[in-house]
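Visitor: Can you keep this structure in mind? I'll have questions shortly.
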Amino acid sequence: MASKYHWQSQNVKQSGVDDMVLLSKITEDAIVENLKKRYMDDYIFTYIGSVLISVNPFKQMPYFTDREIELYQGAPFGWIPYCDTTIRKPTVAAKYIMGYISKVSGGGPKVQHVKDIILQSNPLLEAFGNAKTVRNNNSSRFGKYFEIQFSRGGEPDGGKISNFLLEKSRVVSQNENERNFHVFYQVIEGSSAQQKEALGIMTPDYYNYLNQSGTYKVDGTNDSKDFQETMEAMQVIGIPGDCQTQGLQIVAGILHLGNISFIEAGNYSQVESTDLLAFPAYLLGIDQSRLQEKLTSRKMDSKWGGKSESINVTLNQEQACYTRDALAKALYARLFDYLVEAINKAMQKPIEEFSIGVLDIYGFEIFQRNGFEQFCINFVNEKLQQIFIELTLKAEQEEYVQEGIKWTPIEYFNNKIVCDLIENKLNPPGIMSVLDDVCATMHATSDGADDKLLQKLQAAVGTHEHFNSWNSGFVIHHYAGKVSYDINGFCERNRDVLFPDLIELMQSSEHSFIRSLFPENLNTDKKGRPTTAGSKIKRQANELVDTLMKCTPHYIRCIKPNETKRPRDWEESRAKHQVEYLGLKENIRVRRAGFAFRRIFQKFLQRYAILTPETYPYWRGQEQQGVLHLLRSVNMDTDQYQLGRTKVFVKNPESLFLLEEMRERKFDTFARTIQKAWRKYIARRKYEQMREEASDILYNSKERRRNSINRNFVGDYLGMEERPELRQFLAKRERVDFADSVNKYDRRFKSIKRDLILTPKGIYLIGREKIKKGPEKGQIKEVLKRKLDIGSIRSVSLSTRQDDFFVLHEAQYDSLLESMFKTEFLSLLCKRFEEQTKSKLPLSFNDRLEFRLKKEGWGGGGTRTLMFQRGQGDTVQVKPGGKTLTISIGDGMPKTSSGCYQNGAAQFSRGPSQPQEQMYSTPEKRTRPPSAALPKLGSQKGRRGGPHTHNIYKHIRSKNSRPKAQPRSQGPRCRSLYQYVGQDVDELSFEANEVIDLIKEDPSGWWTGRLRGKEGLFPGNYVEKI
């Protein structure tokens, strides 16, 4: 039997559909509505086949704690992909994946070292590569492909990071409400006083590279604490101390470099304040005067008549600012590359065996103003979308072929046409090729270059169906929608040239670490064009695609539900926009073009086996035949499914919903059966305990009536739920513990019927009177005769014989009552009395009892006496005489009798196949059956016997019993099973095996019949119909 992982057995609430392949309608609105429904119910993960959709909850979710990691350890393929796998996922999710892998894998010191580096690489790369943007407080501003390499035994023993698309422009400029990279603020907030003095650290607003946006703090971010983690990460990864120090000097040097400003003097630039040159020069280990020279002039090679010579050209103000920013960006980018390489060296292994790749890159970006950076990011996303569709279709087609399934080729939008528009080299040249051509002919300034680029693009690709131009730029029809790009700054950002003068300047640094960041050999001949940012990104994107095509990818699409960064806040338009540009509808359509659902036979059988008796609990036969039997048993149309070699394929979601609904109904039926059995068991336990407690009250003090010990306790014998005329005297929702019709004796020992009701608050005695006046004159109406608070009762008196009399003693006067259910009543009264008074209810047992009478006017009051003596039989004989009532009754069961609770009514046989208890084997010798009695006459509903009492006693009759010959009646008849002695004049009395003409069956359990010419009432559970 297949093993079952306990993480699958959680009781999960349904919210929408968890796999959107199963959506009834494939529209953006339906997708958004489903995601919203799940998000509001705290389900942040949804699927499209093997693609995961993750919605940002903006709060901590209980998914990634040590407990969850332990639960999922050993889970099958699907949650954490394994072996030559690639995941596309944003930064936070990528951290969780790497943390999970690190936690669940074992290994020795080498493996532990690699695991430490995997975990510590995150805070280091986040410090230097992440920043606050308008949409995200910790946005990854670079792309990375992180490979975790495994040994054949599944231990992480190596790794490798490839980085690309670092947003270098952020070092020198940021938009409003955004920040520079985290590390700058960490150094300012977290460095020690000694470090601050050595690095010349001031407040953030002092630096031009930080004060442009006016944003310095981020909610929920502790820059000082993060700085300590960054330094600790450097230590774990193995970066030498002097390199760490010089790395911080570069970070501080960049900030100081940004404060150098220039003024125009006769078309030439000059440093506005030479004092500001000293600190950056000191930190970078270069000469101050040379720094000034290289920022304001450039060496150019001039060829004339076959000879070449170098000349110094003085820069204007714009060129000087560009040179300063180029140096700052180059320093930062090369420092970042060094950190990535240091991580790689610490994790490298000689032979690559197995790996999991985590691709963490910007998603598709559409802003109010989209520039060169958005163009590059969206190009990479376009390439990734292309392989996503190709690999998804490829996987679908391969699965169909492998399983031998008949299918129709899937129509889909192939975005290769958009990729070619951007990256084509010739015929026609793509946007990047045209951009590189314009950059190659740029002069000293960028004036006019962008306009020239727009003209050339119009000429080269103006007629392309996915390209349009506008007055300030161009529009590309991406797979995710139309994006307008502002042409301003395209050429300058693409050129991204670091002039030899600046390389030479940095190679003159007195710090060996800084010199190592600039390894170029400037003496070699320069051939060809310099590498542009666009061409570099195109090369990296194609290398990444080649790597991913070798893997089995698992995609994770992330959605940000709002701009407020608050939990449970859903912005409909923003979510819909992301659903559109992520191409989720296309993903679902491609997946649905074949079969919406597929599952291996064994799993399908395991889930739906419960639907038929042949498959549950085990199918004996071939699994494929079992699946076919299930599908036929639910009458699924044959065009809705196909059986492959190892899997079943279901076409439409509705067909699967049919199976799920039937499965839910089965479980619901079983759950109700279990609940019913459990409640029955609890009720048995409760009544057994009540009978035991009741028996203990009378034990060794009072004789017991035969067959009364193991009687069921019903509580409500009057059917109070349907007796509003009685409930009117109770408080609203006052619970009824006990209700029965009893005999109440007055001062002349005359018996009067009263309804006795016990609640947690008190005792009610309700009688009936005829109305003497008014429109209702002559009608009988219920009247509250007496109400006793539980706490006002002083004691209860009973005789030692088997009679049913008891006296309630109260401060004003006492009540003499007779009830055949006195034991049940007393047990409940004792319990309520103890709850209220925290003391036991006094019970006295004596064959001479006195009770006080009620004072009425000038007379009344006094006492009356009860004398109990031995008589004949089980029937009470009462003889009033003056102020004394003599009560005679035969001997009952001994005072020490106790109930055999295991043989109580709740434990009776369910059918004739089970033997009955010995005490009920000879019913002819009993005067009364071991049945729970029925309601007293006059009640509308309520049963003294359970609903199955008739069936119970039907099977314990003597086999030799034979009904006496009776003349056949025209109407229905019934045969008595036991002797019954009528309690009132309107009740029938009969012996066992007598035939009664049945006149009426009443739901209360009291039937009307005719016997020996007399018509009257009798209990229905004492007879069987014939």
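Visitor: With θ set to phi - 60°, apply the Karplus curve 6.51 cos²θ - 1.76 cosθ + 1.60 along the stretch 120-125 and write out the HN-Hα couplings as whole Hz, x wherever there is a Gly or Pro.
Guide: 7, 5, 4, x, 5, 5
Visitor: Of the heavy-atom accessible surface of the stretch 355-500 (probe 1.4 angstrom), what whole percent is carbon and sulfur?
Guide: Heavy-atom surface of the stretch 355-500 belonging to carbon and sulfur, 1.4 Å probe: 49 percent.
Visitor: Moving on to the next point. Computing the accessible area with a 1.4 Å probe over protein heavy atoms, can you report the carbon and sulfur percentage for the stretch 610-733?
Guide: 48 percent
Visitor: So who's got an amide H within less than 5 Å of the one on Thr552, skipping anything under 5 residues away but keeping other chains? H placed 1.01 Å off N, in plane.
Guide: Thr85, Thr86
Visitor: Moving to a separate point now. With +1 on the Cβ of every Lys and Arg and -1 on the Cβ of every Asp and Glu, and nothing else charged, how large is the dipole of the stretch 209-348 about its Cα centre, in debye rounded to the nearest 20?
Guide: Rounded to the nearest 20 debye, it is 480 debye.
Visitor: Report, in whole Å, the centroid distance computed from the Cα atoms of the stretch 271-289 and the stretch 682-749.
Guide: Going from one Cα centre to the other spans 101 Å.
Visitor: Could you please put Met506, Met300 in sequence from largest to smallest accessible area, using a 1.4 Å probe?
Guide: So the residues, ranked largest to smallest area, are Met300, Met506.
Visitor: Also: Find out how many positive minus negative residues lie around Glu563, taking Lys and Arg as positive, Asp and Glu as negative, among other residues whose Cβ is under 10 Å from that of Glu563.
Guide: Here the count lands on +3.
Visitor: Given a Förster distance of 45 Å, report the FRET efficiency between Ser289 and Thr221 from their Cβ-Cβ distance, rounded to the nearest 0.05.
Guide: Calculated transfer efficiency: 0.65.
Visitor: Using 1/(1 + (r/R0)^6) with R0 = 60 angstrom and r between the beta carbons of Ser213 and Phe667, what's the FRET efficiency to the nearest 0.05?
Guide: 0.60
Visitor: Which residues' amide hydrogens lie under 5 Å from the amide hydrogen of Asn208, considering only partners 5 or more residues apart or on another chain, with H built in the peptide plane?
Guide: Counting only residues 5 or more places away or on other chains, the set is Asn259.
Visitor: What does the accessible area per residue of the stretch 580-666 come to in Å², with a 1.4 Å probe and no ligands, DNA or RNA counted?
Guide: Accessible area per residue: 52 Å².
Visitor: Keeping all protein chains in position, work out how much accessible area Ser162 exposes to a 1.4 Å probe, and write it in Å² to the nearest 10.
Guide: 40 Å²
Visitor: Shifting gears a bit: At what distance in nm do the modelled label points of Asn267 and Asn488 sit from each other, each positioned 7 Å from its Cα along Cα→Cβ?
Guide: Label-label distance for Asn267 and Asn488, simple model: 2.6 nm.
Visitor: What is the dipole size for the stretch 660-704, taken about its Cα centre, with +1 at each Lys and Arg Cβ and -1 at each Asp and Glu Cβ, in debye to the nearest 20?
Guide: Computed about the Cα centre, the dipole is about 140 debye.
Visitor: How large is the accessible surface per residue of the stretch 336-416, computed with a 1.4 Å probe and reported in Å² as a whole number?
Guide: Per-residue value: 43 Å².
Visitor: Further question on the same structure: Within the stretch 873-889, what residues put their amide N at less than 13 Å from the label point 7 Å along the Cα-to-Cβ vector of Arg706?
Guide: From the stretch 873-889, the list is 873-875.
Visitor: Measuring with a 1.4 Å probe in the full set of protein chains, what accessible area per residue, in whole Å², belongs to the stretch 167-231?
Guide: 47 Å²
Visitor: Note down the nm distance, to one decimal, between modelled labels 7 Å out along Cα→Cβ at Arg632 and at Lys406.
Guide: Those two pseudo-labels are separated by 1.9 nm.
Visitor: At 1.4 Å probe size, put Arg574, Arg848 in order of accessible surface, largest to smallest.
Guide: Arg848, Arg574
Visitor: What are the residues whose amide H is under 5 Å from the amide H of Ser297, where those residues sit 5 or more places off or on another chain and H is modelled from the backbone?
Guide: Those lying under 5 Å, H to H, from Ser297 are Leu315.
Visitor: Starting from the Kirkwood Rh over alpha-carbon pairs, what translational D in µm² s⁻¹ does the stretch 803-892 have by Stokes-Einstein at 4 °C and 1.567 mPa s?
Guide: In µm²/s, the coefficient is 87.
Visitor: Could you run the Karplus curve 6.51 cos²θ - 1.76 cosθ + 1.60 with θ = phi - 60° over the stretch 169-185 and give me ³J(HN,Hα) per residue in whole Hz, x for Gly and Pro?
Guide: 4, 5, 4, 9, 7, 9, 7, 4, 6, 10, 10, 6, 4, 3, 4, 4, 6
Visitor: Could you give the size of the charge dipole of the stretch 324-430 about its Cα centre, using +1 on the Cβ of each K and R and -1 on the Cβ of each D and E, expressed in debye and rounded to the nearest 20?
Guide: 520 debye
Visitor: If you rank His182, His577 by how much accessible surface each has, with a 1.4 Å probe, what is the order from largest down?
Guide: The residues order as His577, His182, largest area first.
Visitor: Okay, next question. Just to verify a number: what accessible area does Arg663 come out at with the full protein assembly present, 1.4 Å probe, Å² rounded to tens?
Guide: Surface accessible to solvent at Arg663 totals approximately 40 Å².
Visitor: Same structure, new question: Just need the relative contact order of the stretch 975-1026 here, percent rounded to a whole number, with Cα pairs under 8 Å and 6+ apart.
Guide: Result for the stretch 975-1026 is 36 percent.
Visitor: Let me ask another. Compute the separation of the alpha-carbon centres of the stretch 406-441 and the stretch 188-250 and state it in Å as a whole number.
Guide: So the two Cα centres are separated by 42 Å.
Visitor: Among Ser573, Val627, Ser535, flag the residue with its Cα farthest along the positive direction of the charge dipole of the stretch 496-629, charges on Cβ as +1 for Lys/Arg and -1 for Asp/Glu.
Guide: About the Cα centre, the residue reaching furthest to the positive side is Val627.
Visitor: On the accessible surface of the stretch 131-177, probed at 1.4 Å, how many percent belong to carbon and sulfur atoms?
Guide: About 35 percent, which is the carbon plus sulfur part of the accessible surface.
Visitor: Let me ask something else about it. Using the basic label-point model (7 angstrom from Cα toward the beta carbon), what is the Ser24 to Glu835 distance in nanometres?
Guide: Label at Ser24, label at Glu835, 4.9 nm between them.
Visitor: Something else: Counting only the heavy atoms of the protein chains, how much of Lys883 is accessible to a 1.4 Å probe, in Å² to the nearest 10?
Guide: About 130 Å², ignoring ligands and nucleic acids.
The values are calculated or read from the model by the stated rules, or taken from the named source; none is laboratory data. Remember, it's a predicted structure, so these values are computed and weren't measured experimentally. Glycine gets a Cβ as well: all are built from the backbone with ideal geometry, and neighbour counts include every protein chain shown. Note: accessible area is taken over every heavy atom of the protein model, side chains too, but ligands, DNA and RNA are not part of it. Shrake-Rupley method; radii C 1.70, N 1.55, O 1.52, S 1.80 Å.
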